[in-house]
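Below you'll find the structure, written out as structure tokens, and then a few comments.
No value in this document is a laboratory result; all are computed from the given coordinates. What you are looking at is a predicted structure, and each value in this text was computed from that prediction instead of being measured. Cβ sites come from the backbone with ideal geometry, for glycine too, and all protein chains shown count toward neighbours.
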There are 2 protein chains.
Amino acid sequence: MLKIALGQMEVIPGRPDLNTGKMLTMIHDASHQQADIIIFPEMAIPGYLLGDTWEQQAYLRDCETFGHQVIAASRDICIVFGNVAVEWDKHGDDGRVRKHNACFIAQNGKLIAKRIKTLHPNYREFDDTRHFFSLRKLALELNQDVESLIKPVKIMIKDREYSLGCIICEDGWNDDYSVDPIAALAANGPLDLIINISSSPFTLGKNNKRNRVFSKQAQETGVPLIYVNNTGLQNNGKTVYTFDGFSTVYNSAGQIIAYCQPFTENLDYLELKVETGGLDLKPVNVPNDFTIDSLYQAISYGAKRFLQSIGMNRVVIGVSGGIDSAVSAALYASILGPENILLVNMPSRFNSQTTKDLAAQLSHNLGCLYTIMPIEQSAEYTANQISSTPVTNLATGKQNKLSVSSFVFENIQARDRSARLLAGIAAAFGGGFTCNANKSELTVGYSTLYGDQAGFLATLADLWKHQVYELANYLNKNVYGREVIPQAIIDLVPSAELSFEQSVDEGKGDPIIYPYHDYLFRAFMEHWNRATPEDILLWYSQDPAVLEQKLGCQPGLISRLFPGPREFIDDLERWWRLYTGMAVAKRIQAPPVLAVSRRAYGFDHREAQNGPYFTQNYLKLKHQILAAE
Amino acid sequence: MLKIALGQMEVIPGRPDLNTGKMLTMIHDASHQQADIIIFPEMAIPGYLLGDTWEQQAYLRDCETFGHQVIAASRDICIVFGNVAVEWDKHGDDGRVRKHNACFIAQNGKLIAKRIKTLHPNYREFDDTRHFFSLRKLALELNQDVESLIKPVKIMIKDREYSLGCIICEDGWNDDYSVDPIAALAANGPLDLIINISSSPFTLGKNNKRNRVFSKQAQETGVPLIYVNNTGLQNNGKTVYTFDGFSTVYNSAGQIIAYCQPFTENLDYLELKVETGGLDLKPVNVPNDFTIDSLYQAISYGAKRFLQSIGMNRVVIGVSGGIDSAVSAALYASILGPENILLVNMPSRFNSQTTKDLAAQLSHNLGCLYTIMPIEQSAEYTANQISSTPVTNLATGKQNKLSVSSFVFENIQARDRSARLLAGIAAAFGGGFTCNANKSELTVGYSTLYGDQAGFLATLADLWKHQVYELANYLNKNVYGREVIPQAIIDLVPSAELSFEQSVDEGKGDPIIYPYHDYLFRAFMEHWNRATPEDILLWYSQDPAVLEQKLGCQPGLISRLFPGPREFIDDLERWWRLYTGMAVAKRIQAPPVLAVSRRAYGFDHREAQNGPYFTQNYLKLKHQILAAE
């Protein structure tokens, strides 16, 4: 019988001192509880998402020193933990000192073994290959089979030898690689237990898949598998990730026999009869991960931890009476308390009484700080100053004046609200102001740079508009248990109210038709093989129903929205041009995005400002379709 | 005798249609000139820096089709060109279709051979490993020596068989890798000619190194080497790179016998006796690359191409009378003509008559469009609106007012200039406005978000302050041949003039002491092994002269600036905190940076918003030093 402690700790990236302190405390507790092994996550000491901090040798030395402290603490317990392993006399492909993403196994105050990560993820937000030397590269250098290097670790516990297969995160997600570290471990066995230490960011629905994949591994090898993941928040600058922990134990039949609460730091204990593969323990049900509940947890946890990480206790939110700012207000009020949230309504002549009243009602419902600061005079002043001040051509002496169009005036208002008022108010209030843009807007740049696109965090920018509505209902029903977000805000047509053309009282609003465009944009952005106009038009040409099925939107919607292919194509090209054109320029200067989906803007979705392009096949197909009309 | 055409083309990323059109024209010309071979750069068809566009299968199909067109054009000439090679029935490590960064060799209208890139750079701005499957990975999958797969290509030209060693960019920069593709080619020889097709971004001084490295390769193998690189501009969103071409031919003794003009699209011809290794051709002198001349070329070319790529013909620049905006104004006026440049002076009560006059004088010297729009009233209005509007606590009914400190007011002014005025003016003028921040400011966030940090491109943000001054002198002397930037601007103390504490007339200015901090910040940022406070303090503790030598600043400066270690340490910690703290948050929302140095902000320098950290060794050393005082 092994008593195993699951050290599901919150890892603070860039703080090896704090992480080590936390680990030593947990080790102390686990030793006290007579645990035989304690398992910590991947990169528990340094943190995982550090950008190019990995290039600082001083930082590497520091993590090494803290690693020695953890090893020294293994007098009465076996410790399995993740850290960077530095080979000071070797170099990586970049000429810098060689670093491994490694799993350390310590016992009796000494290092027993070290295993290095075989598979380095190099998609989405991951950058392992940039910094670390994988076992695959090592095998190539040594001119050996990589499989032969993947060996279990043998440790003695209570006079029995155990053979542990220690792998790191991606090693367990090997479907698409030519190397299968788990099969290699089994082949180089015997094997009593597989331990996967991970630093795996939350993605909506990922745990469902992980349970299928890891369960199969345990079943196929007939060996129990323990997955330990960290909690906390880490970021790549432009994209911010929550880590849900959700450490899980699978028995040799692949059944889940224990798991730690997600988004909670935990030191859970498990008594496992390795001899029987944990088959004597009762399987437990793990909650489905692809739910609004899970989404809310990630967003709320992420926003809270982000505030903590930058030391921000007070938040300013511009409330328009629309849905995005309402959700933002309800969310932040639930995190910091309403007394620390200052809601600001900033009307101009274009804002309806309806939305002004709704903004006030929302604020009353939440009991926040509230103020109204109109932008009418200041926006007007700016337009006048620009259009009435003469511009002199100093080569010719001629004078001219600039003219401010209504479109230019729309953006003047948006910037007046954010960069003039909210930024000033936030500084005076001693806090920051939020960016309330959603993913649909961010996709096509339907927001103003230095205007409503500004803020310290784009909290909702990985949610499609329909998810923002879901979150609104969830906040009312499950978080507050009352209608803090007025139903009228949820029912209102979405509008920027920057001109009379966008009057909500006349039912006019955004040019984005969310029930269709949410799904079209998602196909551009989130499909593993990105959908382009070529794909979309091909599906449409097969049958609008085929496209609806591919996109996952409501059946029958596309035929209702577009009278014929010409209108469909105009719409497709319009949004594709924006998505790959001006919106890219805007996203480059966007705030950090809190990621929850399988693909978030920023470092997860790397993009160049290269402008729109239509492939030859697209142009041919379009020509055929329009010629046949 | 081989007649070789060097196709130093401008590659437009994301435009396979235009690139292929260009290639077909060059192929036609070269065939007409009876050239035997024409060589195009790496990724000549798709472009190189495309972000995740590589995940669009429609784009890959498109590039493949254009590749077939180029191959078909090889009836009378051998064509060597770079393109993506797709293995539709295989997958990469990410599960997507397998893509190679490949070199195609075509003749008689057919594909003769294909070679894939062995070494994938994964440092700085490079992301090859994210998208492409390298020969190293293939060797691992095939369980073969990678060296055995690196074979020359045999082609028949005028009844003689030639053996070409075709490699791609990084394959020639193999010092730090365990595989040497050139040695492998030579071992698998015979070898008549090495061809390195590249897409290698400009970095100040890199060509000097490239000539040393490639020259040695030609000499050691005794085989002539032809390097063909593209021109143009490509970007990773956040960082913008110029490509200088500078294609070069080395004979078998390693001497340079030909090169193409940098930053110029070229179709140059060379007659090479492969039998004699090109030793009969006279060596030529290649200009030194590490000069202000080279820097100016890159900046000017980069800004010009960036404007073209986004279709911008008119530019607005806020001119303060300081050096950064003056350089920006002179630069853009030389690119677009002064009639397309609108210079805007935006004084407040804090701006001296001195700088107002200098801004006007600069504008007169350049003959640009000019206007003065004060921010005094608007900034005052904002401060008043914020501090006089009551804020109500809706839970208690209590009212309060916010107060605007002088620091808050400084930032209000900066945002008033950029987000209120310049953004509005630029929109009305039909152009964009520049960000004039330099690298020293960007390093420590000495600029205001949505204020002077805003703009469509941070043109000077990869230049340390002392390089901005060098560029100012260069513009006057070499570009304009007259003092367009008034000498008084060059001589003036640098100041933000946002408060009376920053009065230039009293010689007060920025808190950054550029002659020292430029070099300290450069060590943080550009040293290959990033210097941290631990390294800096260690060098200082050895001797301030050691530190001066490590940093490359003026000898004796550090002792003059700091009375003792306490002051030195305070200064070090202050800037390190900013560099790794608030400045990171600001850089996340900064405009794209035009890169010229060995390390530019953005995608080249990846960073997480993790906050400042001091290593244990640093803290110990600091304690020792201060205790000894």
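Per-structure values
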{"read-out": "Peptide B:390-403 - average C-beta neighbours from other chains (10 Å radius)", "value": "5"}
{"read-out": "Size-normalised alpha-carbon gyration radius of segment A:291-510, reference 2.2 N^0.38 Å", "value": "1.08"}
{"read-out": "Scattering curve values for segment A:408-452, log₁₀ I(q)/I(0), Debye with Cα scatterers, q = 0.14, 0.27 Å⁻¹", "value": "-0.35, -0.94"}
{"read-out": "Nearest beta-carbon to the B/A symmetry axis - residue in chain B, distance in Å", "value": "B:A419, 2"}
{"read-out": "In order through segment B:617-628: 3J(HN,Hα) via Karplus (6.51 cos²θ - 1.76 cosθ + 1.60), integer Hz, x for Gly, Pro", "value": "4, 4, 4, 4, 4, 4, 4, 4, 5, 6, 5, 7"}
{"read-out": "Cα coordinate range in segment B:372-453, projected on the principal axes (Å, largest first)", "value": "47, 32, 22"}
{"read-out": "For chain A, projected area of the alpha-carbon convex hull averaged over all directions, nm²", "value": "34.2 nm²"}
{"read-out": "Most to least packed among A:18-29, A:317-328 [average Cβ atoms within 10 Å]", "value": "A:317-328, A:18-29"}
{"read-out": "Equivalent ellipsoid semi-axes, segment A:43-142, via Cα gyration tensor eigenvalues times 5, rooted, Å", "value": "23, 15, 13"}
{"read-out": "Shielding by partners - mean other protein chain Cβ count within 10 Å, residues of A:46-55", "value": "5"}
{"read-out": "Cα gyration tensor category, rounded, prolate or oblate, for segment A:2-290 with a/c compared to 1.5", "value": "rounded"}
{"read-out": "Computed E for B:T264/B:T354 - FRET, C-beta separation, R0 30 angstrom, nearest 0.05", "value": "0.10"}
{"read-out": "Degrees between helix B:376-388 axis and first principal axis of chain B (Cα, 0 to 90, nearest 10)", "value": "70 degrees"}
{"read-out": "Inter-copy spacing of B:D357 label points, which lie 7 Å from Cα along Cα→Cβ, given in nm from shortest upward", "value": "6.1"}
{"read-out": "Calculated label separations, B:P374, copies of the chain, 7 Å along the beta-carbon direction, nm", "value": "2.6"}
{"read-out": "In sequence order, calculated HN-Hα J values of segment B:221-236 (Karplus, 6.51, -1.76, 1.60; Hz; x Gly/Pro)", "value": "8, x, 10, x, 10, 10, 10, 10, 10, 8, 9, x, 10, 9, 9, 10"}
{"read-out": "Rounded FRET efficiency, nearest 0.05, which uses the C-beta distance separating A:A72 from B:V546 and R0 of 35 Å", "value": "0.55"}
{"read-out": "Debye, to nearest 20: dipole size of chain A, +1 on Lys, Arg Cβ, -1 on Asp, Glu Cβ", "value": "720 debye"}
{"read-out": "Per-residue mean of C-beta atoms belonging to partner chains within 10 Å, peptide B:376-382", "value": "3"}
{"read-out": "Structure-based [θ]222 nm, the protein assembly as shown - -39500 (n - 2.57) summed over DSSP H runs of at least 4, per residue, nearest 500", "value": "-11500 deg cm²/dmol"}
{"read-out": "Volume per residue that the Cα convex hull of segment A:185-255 spans, once the total is divided by residue count, Å³", "value": "86 Å³"}
{"read-out": "Whole-number percent relative contact order across chain B, with pairs defined as alpha carbons under 8 Å at least 6 apart", "value": "11 percent"}
{"read-out": "Angle in degrees between helix B:514-525 and the longest Cα principal axis of chain B, rounded to the nearest 10", "value": "50 degrees"}
{"read-out": "Distant-in-sequence amide H partners of A:L342 (H built 1.01 Å from N, under 5 Å)", "value": "A:V315, A:V316, A:I317"}
{"read-out": "Gain in span if fully extended, B:T25 to B:H364, counting 0.36 nm per residue against the direct Cα distance", "value": "117.6 nm"}
{"read-out": "Per-selection metrics, segment B:505-565 (Cα): Rg and Dmax in Å", "value": "12.3, 41"}
{"read-out": "At R0 = 30 Å, FRET efficiency that the Cβ-Cβ distance of A:L18 and B:R566 yields, to 0.05", "value": "0.65"}
{"read-out": "Label spacing, shortest first and in nm, from A:N285 to its equivalents in the remaining copies (7 angstrom along Cα→Cβ)", "value": "8.4"}
{"read-out": "Sorted by Cβ neighbour density within 10 Å, fewest at the top, the residues A:C169, B:C63", "value": "B:C63, A:C169"}
{"read-out": "Distance between segment B:36-64 and segment A:434-485 - C-alpha centres, whole angstrom", "value": "37 Å"}
{"read-out": "Amide H contacts of A:G165 (H built 1.01 Å from N, under 5 Å, at least 5 apart or other chain)", "value": "A:V153, A:D192, A:L193, A:I194, A:I195"}
{"read-out": "Cα-centred dipole magnitude for the protein assembly as shown, charges only on beta-carbon of K, R (+1) and D, E (-1), debye, nearest 20", "value": "140 debye"}
{"read-out": "Nearest 10 degrees, 0 to 90: helix B:323-336 Cα axis against chain B principal axis", "value": "40 degrees"}
{"read-out": "Neighbour-count order for A:L358, B:L270, fewest beta carbons within 10 angstrom listed first", "value": "B:L270, A:L358"}
{"read-out": "22 Å tail of the calculated P(r), segment A:513-629, as % of Cα pairs", "value": "35 percent"}
{"read-out": "Unsatisfied cross-links (Cα-Cα over 26 Å) in the set B:K3/B:K206; A:K206/A:K439; B:K216/B:K465; A:K586/B:K99; A:K439/B:K99; A:K137/B:K114", "value": "B:K3/B:K206; B:K216/B:K465; A:K586/B:K99; A:K439/B:K99"}
{"read-out": "Prolate/oblate/rounded label for the protein assembly as shown (Cα gyration tensor, a/c 1.5)", "value": "rounded"}
{"read-out": "B:Y332, A:Y446 arranged by Cβ crowding within 10 Å, fewest neighbours leading", "value": "A:Y446, B:Y332"}
